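Some notes on the structure that comes next.
The values are calculated or read from the model by the stated rules, or taken from the named source; none is laboratory data. Here the structure is a predicted model, which is why all the values come from computation and not from measurement. We place every Cβ from the backbone using ideal geometry, glycine too, and count neighbours over all the protein chains shown.
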Amino acid sequence: MPRIVAVETALPNNFYNQEDLIEALMQRWGQRYVNPERIAKFQRNVLVGGRHLALPMERYDELQGFGAHNDAWIEVAVPLAAGAVQNLLLKSGLDAADVDLLSTTTVTGIAVPSLDARLMNRLPFAPTTRRMPLFGLGCLAGAAGINRVADFLRGHPKAAAVFVSVELCSLTLQKNDLSIANIVASGLFGDGAAAVLMVGDEHPLGAKAPLEVVTGRSHFIPDSEEVMGWNLVDSGFKIVLAPNVAEVVAAEMPKALDALLGEQQMQRSDLGFFIGHPGGPRVLRSAAKALGLSDEDFALSWDSLARFGNMSSTSVLFVLAEAIEAGFNSGDHGLLFAFGPAFCAELALLRATCP
């Protein structure tokens, strides 16, 4: 089975606590909103303590139009991702030239050549390295990337692969949009990057990998395009966030999980740990309730939400990194999952191989 060897995370240097961010938004929006205190209430209700931003706060007012925002994304995303990959390879004792597949994902900026191509030019990957950019999956992509790379490694058991997520959500903020969806997003989403090293089960690093990917499952919900996503407008990415996201999660998560476990002749009680995307308080609570779990089962997700906010596809990889650091009981099975636009879910069944 494909193995997860290590995860490395990276954050921009610009950190602001939530109250400072609320004050900045109140200065911009307070005079234009009928009940400005609702802005602060929405911001505090997401239970985020602070977030790292791609740029210093004062630079955001200088950005006008989609092109300027996207240029800023490339300016920050490429070195942030490169740093995460470089540290990952250094920690793992692997050279970039030994990587057979480089996969990248984002949903907060656009680059052609793609992010992975730009990483190829900054780190000494072999020119024969396969590249697999993923775009448009949103928060789902952290889990989907793990599964797609695992699919590759099942067919290439001696190979090594690096999966990179970089999301700079702050560069998608719509400065003149006073919709509830945008106000909630302005308090919830943060910026970060993560890189994951995975290998096939015949690779030398596989013997010491803490986790293996037993199987994965995609769960697509037809005709749900308006639940979550982006509308592309002249000023950039405009959030689509329906008020019933948590209800959709509650309705669909049990179906997806039971189908996944049924394929392995397993039950929910066979799961010993959970690595869930910290999409927000309502999403985490809905997932826990639907699966008969408690907040404690998602403790690492709640902690990540409070410390960093929702970093879209990057967030579940931050939780994965914390779970590996905390350690597992060897032989325990666990679930890694995330949700994203369409609406859909992606689940990975993991097994701990090392304490």
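Being part of a helix (DSSP H, G or I) and in contact (Cβ under 8 Å) with a residue 40 or more places away in the chain is a property that Ala97 lacks. Only one of the numbered conditions (1) free of Cβ contacts under 8 Å to residues at least 12 places away in the same chain; (2) not assigned by TED's automatic domain parsing to the domain that holds Pro281 is violated by Ala161, and that is (1). Within the range 124-138, the set of residues being surrounded by fewer than 18 Cβ atoms within 10 Å (Cβ to Cβ) and within 23 Å of the chain's Cα centre (by Cα) comprises Arg130, Arg131, Met132, Pro133, Phe135, Gly136.
You will find that of Ser304, Ser315, the residue that is without any contact (Cβ under 8 Å) to a residue 60 or more places away in the chain and within 18 Å of Val196 (Cα to Cα) is Ser304 and no other.
Checked against the criteria, Ser294 counts as farther than 21 Å from Gly216 by Cβ and without any contact (Cβ under 8 Å) to a residue 60 or more places away in the chain. Return yes or no: is Ser218 among the hydroxyl-bearing types (Ser, Thr, Tyr), touching a residue at least 40 places away in the same chain (Cβ under 8 Å) and not in a strand (DSSP E or B)? No; evaluated as a whole, the condition is false for this residue.
Can you confirm whether the range 233-240 contains a residue that is part of a helix (DSSP H, G or I) and either under 25 Å from Gly192 (Cα atoms) or under 21 Å from the mean Cα position of the chain (by Cα) (or both)? Checking the range 233-240: not a single residue is part of a helix (DSSP H, G or I) and either under 25 Å from Gly192 (Cα atoms) or under 21 Å from the mean Cα position of the chain (by Cα) (or both). Considering the range 109-193, the qualifying helices (runs of 4 or more DSSP H), each wholly inside and each with 1 or more residues that are of a type in the set (Gly, Ala, Ser) and at pLDDT below 95, run over 180-188.
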